[in-house]
Amino acid sequence: MKIYGVIMAGGGGTRFWPLSRQERPKQLLNLSGKEVMVNETIDRLARTANKDDIFIVTNKTQAAAMKEVTRGRIQENHILAEPSARNTAACIGYAAMEILKKYGDGIMVITPSDAFIKNVEEFTRVLSVAVKEAENSDKLVTVGITPTFPSTGYGYIKYDVKDAGDAKKVEEFKEKPDLATAKEYVASGSYAWNSGMFIWKASVILKNFERFLPEIYADIVKIGNAMQKPEEQDVINEVYPQIKSISIDYGIMEQSEDVMVVPGEFGWNDVGSFDMLKVMHEEDADGNVVVGDCITIDTTNSVVYSSKKLVTTLGLDNVVVVETADSIMVCSKDRVQDVKKIVDQLKADNRKEYL
């Protein structure tokens, strides 16, 4: 059965402001110093699916930049532009209908665009196990990350450890826990972090939309009926913004009894905030991540990022300093999750030039 790669790339990456902007968010940035994140994702996924069969779903405000950045890697008409952000259920349903209507049924391997994966060989092996499970059944398959510490920042998947195969039956999805609960999850050995990666047949996930999210399914069918017709784009522009905004996890995964998880450990990190740059860059002797032209004196446990100008720090601890052409952001390292509040304030002040 043909394998299709689907990369979800519509996020705003607001926790990476001022590097990340509406038209060039995190997935379009080169944070590793090697390649932009979405291209690293394409290259990893190309070990599982042919590049000619890889799709990207992004926001219309990012579509032009996405085409520019990925040119030569995937087909331009495989970049699907959402007229508005409607969460992961709409994104995945749209991609499934596009594939089924225009290219024929197959296995969808769906990944976020902005995760860091250290061990690509092991990641590819885990995906092959998940693909085989999805191909041989009508199950919904997800990839779980074997926890390496009791994280309170990830959702968890509880699975049946007694299952003999590499794919385990999912018993329950858990929200982000407090620290005590996270420690219990990790100690039990029967939980995985929710990676946001999914593997299933296009036809199977659409049947699940019809069962669990009938309103969204009806909208996706309207779009599908217009595909390859002159009115296709007009229908997408009209229908898509009206689709109910809900995640695939809430809408389908937590409702279905036919979910399997393939636990794996391959150096995965969702690089959700500036403190996580340490997974891409080695810390210096003082525990700092330093990128660009920087001088750090008596500075410890910090992130210092320069895009062009010389950035100097003296006598600082546990801070993040980021310089771009038009902005400088300084925050406590303990508050990196709140950087998006700066973006909210810029929106409230109508300072669009910084968004």
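Specify whether the C-alpha gyration tensor of region 169-209 places it in the rounded, prolate or oblate class, a ≥ b ≥ c being the square roots of the eigenvalues: rounded for a/c under 1.5, otherwise prolate if a/b is larger than b/c and oblate if not. Could the numbers behind the result be given before it?
Numbers: a/c = 3.29, a/b = 2.80, b/c = 1.18.
Prolate is the answer for region 169-209, as a/c is 1.5 or above and a/b outweighs b/c.
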Report summary line: Between the modelled labels at ARG73 and GLU171 (7 Å from Cα along Cα→Cβ) the distance in nm is 3.9 nm
Query - Set of aspartates and glutamates with alpha-carbon distance to LYS352 below 16 Å, sequence-local pairs under 8 removed - result: GLU23, ASP326, ASP344
Requested in this report: Could you tell me what fraction of 2.2 N^0.38 Å the Cα radius of gyration of the chain comes to, as a two-decimal ratio?
Outcome: 1.02
Requested in this report: Report the full-extension gain for the segment GLN337 to MET1: residue separation times 0.36 nm, less the Cα-Cα distance, to one decimal in nm.
Outcome: 116.8 nm
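Give the percent of DSSP beta bridges with both residues in region 3-269 that are antiparallel, rounded to the nearest 5.
50 percent
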Query raised in the report: With each pseudo-label sitting 7 Å past Cα toward Cβ, what's the LYS183-PHE149 distance in nm, one decimal?
Result: 1.5 nm
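If R0 is 51 Å, what FRET efficiency do you get for ASN225 and ASN301 from their C-beta distance, rounded to 0.05?
Working: r = 56 Å, r/R0 = 1.10.
Result of the calculation: an efficiency of 0.35.
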Report task. For region 101-116 and region 272-319, write down the distance between their C-alpha centroids in whole Å. Result -> 36 Å
**Report entry** Order of LYS308, LYS101 under a 10 Å beta carbon neighbour criterion, fewest first
**Finding:** LYS308, LYS101
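Counting helices only, and only those DSSP H runs with n ≥ 4, report the 222 nm mean residue ellipticity of the chain as the sum of -39,500 (n - 2.57) divided by its residues, in deg cm²/dmol to the nearest 500.
Values: 9 runs with 103 residues, N = 355.
Helix contribution divided over all residues of the chain: -9000 deg cm²/dmol.
Convex hull over the alpha-carbon atoms of region 185-251: what's its volume per residue in Å³?
Numbers: hull volume 7.9 nm³, N = 67.
Normalising the Cα hull of region 185-251 by residue number yields 118 Å³.
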Query raised in the report: How high is the relative contact order of region 274-338, in percent, with contacts defined as C-alpha pairs under 8 Å that are six or more residues apart?
Result: 25 percent
Query - Net length gained if the chain between HIS281 and TYR354 were fully extended (0.36 nm per residue, minus Cα distance) - result: 23.6 nm
Report task. Normalising by the residue count of region 94-221, find the relative contact order in percent from Cα pairs under 8 Å and 6+ residues apart. Result -> 36 percent
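Rounded, prolate or oblate: pick one for region 274-338, where a ≥ b ≥ c are the square roots of the eigenvalues of its C-alpha gyration tensor, a/c under 1.5 means rounded, and failing that, prolate if a/b is larger than b/c, else oblate.
Working: a/c = 1.30, a/b = 1.11, b/c = 1.17.
Rounded shape, in that the Cα axes give a/c under 1.5.
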Requested in this report: Please state, rounded to one decimal and in Å, the Kirkwood hydrodynamic radius that region 128-273 gives when every pair of distinct Cα atoms enters the mean of 1/r.
Outcome: 16.8 Å
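Coordinate-derived values only; no laboratory data. This one's a predicted model, so the numbers in the text were calculated from it and none came from an experiment. A quick note on method: Cβ atoms are made from the backbone with ideal geometry, for glycine too, and the neighbour counts reach across all protein chains shown.
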